[in-house]
Amino acid sequence: MVRKSRKSGAVRMRRVYDPVEADDGTRVLVDRLWPRGLSKDAARLDTWLKEVAPSDELRKWYGHDPGRHEEFVERYRAELADPERTAALERLRDLAASGPVTLLSSTKELPLSHLPVIAEAMGD
């Protein structure tokens, strides 16, 4: 999935387990937990910004239940107003100003994850 941010370049959203692609640009893991079964070398990350990820409480409540997705997005947007998460979003915006950024997560359902919310917030 690729989005174009209003203030930056392309923002891609991919699974961290997917092979690295030439056009990934800066690869950023945005999960709070390290992906299972993946070594740091195999991940080929440029950075890990767990500070921007949903809180443990919100992540556990949501559980990727499609029936809770709309409320998850609202709650997560509210969490992104937290100073620590705001600073992490600003770091992502700075990275995107230099070229493409690929947001990475271990989630199986990218459209139902926090990645689209982060990509949207990067454009604000």
* Structure fact -> When residue 34 is run through (1) within 21 Å of residue 10 (Cβ to Cβ); (2) assigned to a loop (DSSP other than H, G, I, E, B), the failure sits at (1)
* May I ask you to say which residue of 67, 63 is surrounded by fewer than 15 Cβ atoms within 10 Å (Cβ to Cβ) and at pLDDT 95 or above? => 67
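One line per residue, one yes/no per condition, for (1) surrounded by fewer than 11 Cβ atoms within 10 Å (Cβ to Cβ); (2) touching a Cys at 6+ places or on another chain (Cβ under 7 Å); (3) over 21 Å from residue 100 (Cα atoms):
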| residue | (1), (2), (3) |
| --- | --- |
| 24 | no, no, no |
| 32 | no, no, yes |
| 42 | no, no, no |
| 57 | yes, no, yes |
* Using the structure shown, decide if residue 107 is under 19 Å from residue 21 (Cβ atoms), β-branched (Val, Ile, Thr) and in a loop (DSSP other than H, G, I, E, B). => yes
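Considering region 66-124 alone, what residues qualify as being basic (Lys, Arg) and more than 13 Å from residue 30 (Cα to Cα)?
As a first pass, look at region 66-124 and keep what is basic (Lys, Arg): 68, 75, 77, 85, 91, 93, 108.
Across region 66-124, the qualifying residues are 68, 75, 77, 93, 108.
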* Within region 80-124, can you find the residues that are touching a helix residue (DSSP H, G or I) at 6+ places or on another chain (Cβ under 6 Å), surrounded by 14 or more Cβ atoms within 10 Å (Cβ to Cβ) and without any contact (Cβ under 8 Å) to a residue 60 or more places away in the chain? -> 80, 85, 88, 89, 112, 117, 121
* Which numbered condition trips up residue 75, out of (1) touching a helix residue (DSSP H, G or I) at 6+ places or on another chain (Cβ under 9 Å); (2) in contact (Cβ under 8 Å) with a residue 24 or more places away in the chain? -> (2)
* Structure fact -> Within region 6-61, residues basic (Lys, Arg), farther than 20 Å from residue 91 by Cβ and in contact (Cβ under 8 Å) with a residue 60 or more places away in the chain come out as 15, 36
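The values are calculated or read from the model by the stated rules, or taken from the named source; none is laboratory data. This is a predicted model, so every value here is computed, not measured. A quick note on method: Cβ atoms are made from the backbone with ideal geometry, for glycine too, and the neighbour counts reach across all protein chains shown.
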